[in-house]
Amino acid sequence: MLYKSLWVVDNREAEDVLSKYTDSRKTFAKGSFVYDQNDERQHLLYLVEGRMKVSVFSHDGSEKTLAIHEPGSFFGETAFFDSKPSFSTAQALEKSVVLMFDREQLMSLFSDHPEIVFHLFESMGRKIRLLTFQVEYLSFMNIDQRAVALLLSLFDVFGKSCDQQCENPSSEESLENSESCGHGDGSLLELTITDQELADMIGTRREAVTKAINKLKKTKLIYKRKRTICCPSISRLNEFISE
């Protein structure tokens with residue numbers, strides 16, 4: 001199978017397959033832009049290596065982060081499929097390698113691997129779900145509630161169900177190999193995302209997000225490591241928003 005999940009391509013298997021359908025492979029330095037808001041583009045993009053931030057800018061230069069892409073992600077779908085200028089900007093958060101597909105190349109890929117069409121649409125649907133979550137918590141919630149709502153949406157879209165003992169883990173490995181926590185609705189999120197990136201997604205300062213995350217850690221609602229966030233009970237985390 002080319003895909004292991006509904007939202008991201010299995011990068012190790014996919015790169016060899018996808019590379020056969022395009023000769024456009026570009027490397028972007030950290031901080032460089034893959035495309036800008038209002039650009040007219042003719043390519044669908046696939047992230048092979050690195051991390052990519054997709055955001056929008058207001059007329060006064062304020063930035064709102066929409067998504068953080070990791071290796072194995074398609075991005076830039078909207079402008080590619082509707083043939084209109086891009087409504088967002090994509091910037092490399094670290095050195096990144098991208099494959100670029102024009103329409104003819106993509107049709108050939110779809111013809112040989114029709115399962116990609118279905119999974120690409122599922123990926124787009126999940127991005128729409130995340131954007132809908134962002135509209136909701138930006139409109140109706142305070143900072144702490146926004147941080148929790150964003151985490152819940154990330155757990156919903158990217159998390160995997162687990163019955164894990166998250167208490168006082170000494171390492172990321174212990175989060176993945178611990179015993180049952182007993183709540184029955186635990187979730188594990190393996191995603192590289194910083195407090196600053198979380199803050200950009202909910203429209204606030206990094207310090208406010210760090211304070212909110214520390215509050216959740218202190219009350220043992222989550223346990224956070226560099227690449228892993230463990231929630232012993234999603235239902236308990238949901239209760240935090242209504243308090």
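Points to keep in mind about this one:
- Any chance Lys53 is outside any helix (DSSP H, G or I) and closer than 30 Å to Ser242 by Cβ: no
- Scanning the range 98-114 for residues that are over 13 Å from Leu18 (Cα atoms) and touching a residue at least 40 places away in the same chain (Cβ under 8 Å) yields a single hit, Arg103.
- Picking from residues in the range 37-50 that are touching an Asp or Glu at 6+ places or on another chain (Cβ under 9 Å) and assigned to a loop (DSSP other than H, G, I, E, B), the one that is modelled with the lowest pLDDT is Gln42.
- Among (1) modelled with pLDDT of 80 or more; (2) within 17 Å of Glu70 (Cα to Cα); (3) out of contact with any helix residue (DSSP H, G or I) (no Cβ under 9 Å at 6 or more places or on another chain) - the single one Ile128 does not satisfy: (2)
- Strands (runs of 3 or more DSSP E) wholly inside the range 56-122 containing at least 3 residues that are at pLDDT below 90, crowded, with 18+ Cβ neighbours inside 10 Å and within 17 Å of the chain's Cα centre (by Cα): 63-69
- The range 41-80: number of residues that are without any contact (Cβ under 8 Å) to a residue 60 or more places away in the chain and under 18 Å from Gln105 (Cα atoms): 12
- Residue ID - surrounded by the most Cβ atoms within 10 Å (Cβ to Cβ), chosen from residues in the range 141-192 that are at pLDDT 80 or above and assigned to a loop (DSSP other than H, G, I, E, B): Gly159
- Test: residue in the range 116-124 that is closer than 18 Å to Leu237 by Cβ and small (Gly, Ala, Ser): no
- Test: residue in the range 26-33 that is in contact with a strand residue (DSSP E or B) (Cβ under 6 Å, 6 or more places away or on another chain), closer than 23 Å to Ile116 by Cα and outside any loop (DSSP other than H, G, I, E, B): yes
The values are calculated or read from the model by the stated rules, or taken from the named source; none is laboratory data. In this text, all values refer to a predicted model and were calculated from it rather than measured experimentally. FYI the Cβ positions are ideal-geometry reconstructions off the backbone, even for glycines, and counts take in every protein chain you see.
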